[in-house]
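Accompanying notes for the structure given below.
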Amino acid sequence: MYNRILVPIDLSHAERGKASIKIAEQLLDPGGTIIALNVVEEVPAYVAAELPGDMLGELQKNAEIALQEATAGSSRTIEHEVRRGSPAGVIVATAEELGVNLVIIASHRPGLADYFLGSTASSVVRHAKCPVLVDR
């Protein structure tokens, strides 16, 4: 089936990410790898200048710990990636860079803002060069 699956996880909805990991485990080839990804959104420079110390670095470190907790207990090989940037763009770029052959992304019921701006999942579906499974 698939030997490299990327599973972006929004840590504010970690339960959705855990469900996506379970799907990835079922679709993964023996000996394959799941790559769990969390994207820490960048803040504008004028905001970052007002933040204390290395708050963004601390956020990234906390995201790494939370990502490992969210994927604990899996019987499969899981790599962890925490990157900074715009979620949809980083997910698509990471999928290409790491040569994944499936992205499994959790989605939520769209609200009014999603209809005007587009959700992260819909942007990944439109721009990814590999298959994308949307877990609703």
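The values are calculated or read from the model by the stated rules, or taken from the named source; none is laboratory data. Since we're looking at a predicted model, the values are computed, not measured. Cβ placement follows ideal geometry from the backbone for every residue including glycine, while neighbour counts extend to all protein chains displayed.
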**OP:** Determine whether residue 55 is over 14 Å from residue 106 (Cβ atoms) and in contact (Cβ under 8 Å) with a residue 12 or more places away in the chain.
**Re:** no
**OP:** Could you tell me whether residue 71 is among the hydroxyl-bearing types (Ser, Thr, Tyr) and over 18 Å from residue 98 (Cα atoms)?
**Re:** yes
Original post:
Is it the case that the stretch 6-22 has a residue that's among the basic types (Lys, Arg) and touching a residue at least 60 places away in the same chain (Cβ under 8 Å)?
Top reply: yes
**OP:** Provide a single number: the residues in the stretch 97-114 that are among the small types (Gly, Ala, Ser) and modelled with pLDDT of 95 or more.
**Re:** 1
**OP:** Take the stretch 42-68 and flag every residue that is modelled with pLDDT of 85 or more and among the charged types (D, E, K, R).
**Re:** 61, 64
Original post:
Does the stretch 119-136 hold any residues that are of a type outside the set (A, V, I, L, M) and either exposed (fewer than 14 other Cβ atoms within 10 Å of the Cβ) or modelled with pLDDT of 95 or more (or both), and which are they?
Top reply: 126, 127, 129, 130, 131, 136
